[in-house]
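Have a look at the structure below before the remarks.
FYI, it's all coordinate maths here, none of it is from the lab. As the structure is a computational prediction, the values presented were derived from the model and not from experiment. So basically every Cβ, Gly included, is an ideal-geometry build from the backbone, and we count neighbours across all protein chains shown.
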Amino acid sequence: MNFAVIFDMDGVLLDTSSLIWNSFLHSAQKHGFDLSKEKYENVLGISFSDCIPRWEKEHGVTIDSDSFRKTAVAHQFENIRGENILIPGVQSFLDGLKMRKIPMAIATTSHPLRAQKYLEAANLSSYVEVIITSRDVQRHKPFPDVFLCAAEKLSIEPSRCVVVEDAPVGILAGHRAGMKVIGMTTPPATHQLLREADLIVSNFSQLSYETLVKLAEK
């Protein structure tokens, strides 16, 4: 069966929500404004570069995006040591796909250095053939570019790819790429938020190779 699986990183493979939220709150305060949890959750899945104009408008401030990102990422790297950030069930699921020689990729809106650090911390780098980050495409989710780029690098037709996402913008991007999309309801993503997905699951124990085959064949 010729198909590939493309994973989002944060919230799908890695439980980074608290690390990201605390780092963004820390960086916002350093840059002179308070970021509410609601406003943070409203931009989940959206690239960092697209978040900054929203926050500038909402808070009436001018934000040095490069400085904000560096402050947030440094805070995350300081606090990632010793953290178990792997989503439960991920490793055994990836082991099963690797055993069957299913091509895998990660398509994330994250900065490449951050993605590399996180994947190394979770020992996931060896599982994926391709890692597409924010620097590899000009347009970010909900545009399909990041997924199309991953499919091209894997030499797999988009229609033969299954995406695993935890954000509405990622689900929309996957469908726009012509791919089937699985919604993963890791907090704060809810079943209602992910209702446009082709399949919704709450954990990796609800996924199997057979499930992926059925989606890829539709």
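Round to the nearest 10 and give me the degree value, 0 to 90, for the angle of helix 90-99's Cα axis relative to the longest principal axis of the chain.
On a 0 to 90 degree scale, this one is about 40.
Taking θ as phi - 60°, what are the ³J(HN,Hα) couplings along the stretch 55-62 by the Karplus curve (6.51, -1.76, 1.60), each to the nearest whole Hz, with x for Gly and Pro?
So the J values, rounded to whole Hz, are 5, 4, 5, 5, 10, x, 10, 10.
Order 62-70, 199-207 from most to least packed using the mean count of other Cβ atoms within 10 Å. Don't jump to the answer; show the numbers that get you there.
Numbers: 62-70: 14.1, 199-207: 16.4.
Output ranking for 62-70, 199-207: 199-207, 62-70.
Determine ³J(HN,Hα), in whole Hz, for all residues of the stretch 113-126 in sequence, where each value follows from phi through the Karplus function 6.51 cos²θ - 1.76 cosθ + 1.60 and θ = phi - 60°; x replaces Gly and Pro.
Result, rounded to whole Hz: 5, 5, 4, 4, 4, 5, 5, 5, 4, 9, 6, 10, 4, 6.
If I fit a long axis through the Cα atoms of helix 145-154 and take the longest principal axis of the Cα atoms of the chain, what angle between them do I get, 0 to 90°, rounded to 10?
40 degrees
Sort the following peptides by mean Cβ neighbour count (other Cβ atoms within 10 Å, averaged over residues), highest first: 141-154, 166-179. Present the calculation step by step, with values, prior to reporting the outcome.
Values: 141-154: 21.8, 166-179: 23.4.
Descending mean neighbour count gives 166-179, 141-154.
Taking the 0 to 90 degree range and rounding to the nearest ten, how far is the long axis of helix 17-30 tilted relative to the main principal axis of the chain, both from C-alpha atoms?
The angle comes out near 20 degrees.
How would you rank Val213, Val90, going from fewest to most other Cβ atoms within 10 Å of each one's own Cβ?
Lowest to highest Cβ neighbour count: Val213, Val90.
Amide H neighbours of Ala4 under 5 Å, counting only residues 5+ apart in sequence or on other chains, H built in-plane at 1.01 Å?
Here the answer is Cys161, Val162, since their amide H atoms fall under 5 Å of that of Ala4.
In whole Å, what are the extents of the stretch 1-96 along the principal axes defined by its C-alpha atoms, from largest to smallest?
Rounded to whole Å, the extents work out to 52, 32, 23 Å.
If you line up the Cα atoms of the chain on their principal axes, what length do they span on each, largest first, in Å?
53, 35, 30 Å, listed from the longest principal axis down.
Per 0.36 nm of contour for each residue apart, how much would the distance between Ser155 and Asp198 grow if the chain were fully extended, relative to their Cα-Cα spacing? Don't skip to the end; give the middle numbers.
On the way: separation 43, 0.36 × 43 = 15.48 nm, distance 2.32 nm.
Between Ser155 and Asp198, full extension yields 13.2 nm more.
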